1. Of Thr109, Thr90, which residue is assigned to a helix (DSSP H, G or I), under 12 Å from the mean Cα position of the chain (by Cα) and crowded, with 20+ Cβ neighbours inside 10 Å?
2. Are any residues in the range 24-81 surrounded by 18 or more Cβ atoms within 10 Å (Cβ to Cβ) and among the β-branched types (Val, Ile, Thr), and if so, which ones?
3. Taking the range 1-52, which residues are of a type in the set (Val, Ile, Thr) and assigned to a helix (DSSP H, G or I)?
4. I'd like to verify a number: residues in the range 93-106 that are in a helix (DSSP H, G or I) and either touching a residue at least 12 places away in the same chain (Cβ under 8 Å) or buried (at least 18 other Cβ atoms within 10 Å of the Cβ) (or both), how many?
5. Suppose the filter is in contact (Cβ under 8 Å) with a residue 24 or more places away in the chain, more than 20 Å from Leu114 (Cβ to Cβ) and of a type in the set (Val, Ile, Thr); does Val73 pass it?
6. In this structure, is Ala116 under 22 Å from Trp26 (Cβ atoms) and without any contact (Cβ under 8 Å) to a residue 60 or more places away in the chain?
7. Looking at (1) farther than 27 Å from His120 by Cβ; (2) without any contact (Cβ under 8 Å) to a residue 12 or more places away in the chain; (3) of a type in the set (A, V, I, L, M, F, W, C), which is the one condition that is false for Leu61?
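Nothing in this text is a laboratory measurement; each read-out follows from the coordinates by a stated rule. Computed from a predicted model, the values in this text were never measured in an experiment. Methodologically, a virtual Cβ is constructed for each residue, glycine included, from the backbone with ideal geometry; neighbour enumeration extends over all protein chains shown.
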Amino acid sequence: MAGRPGRTFYRIGAAAALAAAFAEIWINLAVGIVGREDNPVNQGFYLVVAAAAACAFTARLRAEGMARAMLAVAGLQALLGLAIATAPSTARDEPMGALGVLLLSAGFTTLWLLAAALFHGSARRQRSGAGASS
């Protein structure tokens, strides 16, 4: 552990990102975030998880890139939630409606932001650890 500064932050950040992705897919498959699970609007939430995977691949799983990637995914999640919540069709969907979509999306956005902050902390510790050993 002493040889790799920031490793704990990275692992917790990865766990937060995986938890967000798993929960988003699971909730969407089980009951659907908007209306029922067969509502086509729910497809957008799968795309958030796909974007997270694509961003992680592009970042090559490096802490600094992962921090930026998770920040981008959090922005995507927030924009998607806002767009769906303000759509006229969402107001008619029971039981959650627009407020439920906003709250659930805010929860997922928070998880993505938590992952971004943890990856950023890992990257900072790796940089300071590399500077100290030089």
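1. Thr109
2. Ile33, Val34, Val41, Val48, Val49, Val73
3. Initially, the range 1-52 is screened for residues of a type in the set (Val, Ile, Thr), giving 8, 12, 25, 27, 31, 33-34, 41, 48-49.
Thr8, Ile12, Ile25, Ile27, Val41, Val48, Val49 - these are the residues of the range 1-52 that are of a type in the set (Val, Ile, Thr) and assigned to a helix (DSSP H, G or I).
4. Just the residues of the range 93-106 that are in a helix (DSSP H, G or I), to begin with: 97-106.
Then drop every residue that is not either touching a residue at least 12 places away in the same chain (Cβ under 8 Å) or buried (at least 18 other Cβ atoms within 10 Å of the Cβ) (or both), which leaves 98-99, 101-102, 104-106.
Number satisfying all stated conditions: 7.
5. Details: in contact (Cβ under 8 Å) with a residue 24 or more places away in the chain: yes; more than 20 Å from Leu114 (Cβ to Cβ): no; of a type in the set (Val, Ile, Thr): yes.
Here the answer is no, as Val73 does not meet what is asked.
6. Here the answer is no, as Ala116 does not meet what is asked.
7. Only one criterion is unmet by Leu61, namely (1).
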